Amino acid sequence: MKIVADTDRCVGAGQCARTAPEVFDQGEEDGLVVVLDAEPGQELLAGAAEAVDLCPARALSLD
């Protein structure tokens, strides 16, 4: 699975970074999503999927 982030849709809510900090962070200047691990291993996949589901702007997806 690969994580895709659409920074044009991101509103900087930070749900992703709080839910899966090993996979997501926020930019220091704009607060937008930064994907730290675009292809997380099995041990991080559940948290990454939860973060995708929680994104209020629907800026994240798993392909």
Identified option (computed log10 I(q)/I(0) by the Debye sum over Cα atoms at q = 0.17, 0.25, 0.26, 0.27 Å⁻¹; candidates (1) -0.58, -1.14, -1.22, -1.31; (2) -0.58, -0.86, -0.89, -0.92; (3) -0.44, -1.00, -1.08, -1.17):
(3)
Dipole magnitude of the chain about its Cα centre, charges +1 at Lys/Arg Cβ and -1 at Asp/Glu Cβ only, in debye to the nearest 20?
220
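Please report the relative contact order for region 3-57, taking Cα pairs under 8 Å with a sequence separation of at least 6, and give it as a percent rounded to a whole number.
On the way: 78 pairs, mean separation 21.9, N = 55.
Over region 3-57, the number comes to 40 percent.
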With Glu39 itself left out, Lys, Arg at +1 and Asp, Glu at -1 over residues whose Cβ is under 12 Å from its Cβ give -1
Distance in nm between Glu43 and Leu62 label points, each 7 Å along Cα→Cβ, equals 1.8
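On a full-extension model of 0.36 nm per residue, what is the gain between Met1 and Asp25, subtracting their alpha-carbon distance, rounded to one decimal in nm?
On the way: separation 24, 0.36 × 24 = 8.64 nm, distance 1.86 nm.
Full extension from Met1 to Asp25 adds 6.8 nm.
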Please list 3J(HN,Hα) in residue order for region 11-26, calculated via the Karplus relation 6.51 cos²θ - 1.76 cosθ + 1.60 where θ = phi - 60°; whole Hz, with x for glycine and proline.
10, x, 5, x, 4, 5, 5, 6, 7, 9, x, 6, 10, 10, 9, 10
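Read-outs throughout are calculated quantities, based only on the coordinates presented, and are distinct from any laboratory measurement. All values reported here derive from a predicted model rather than from experimental measurement. Cβ sites come from the backbone with ideal geometry, for glycine too, and all protein chains shown count toward neighbours.
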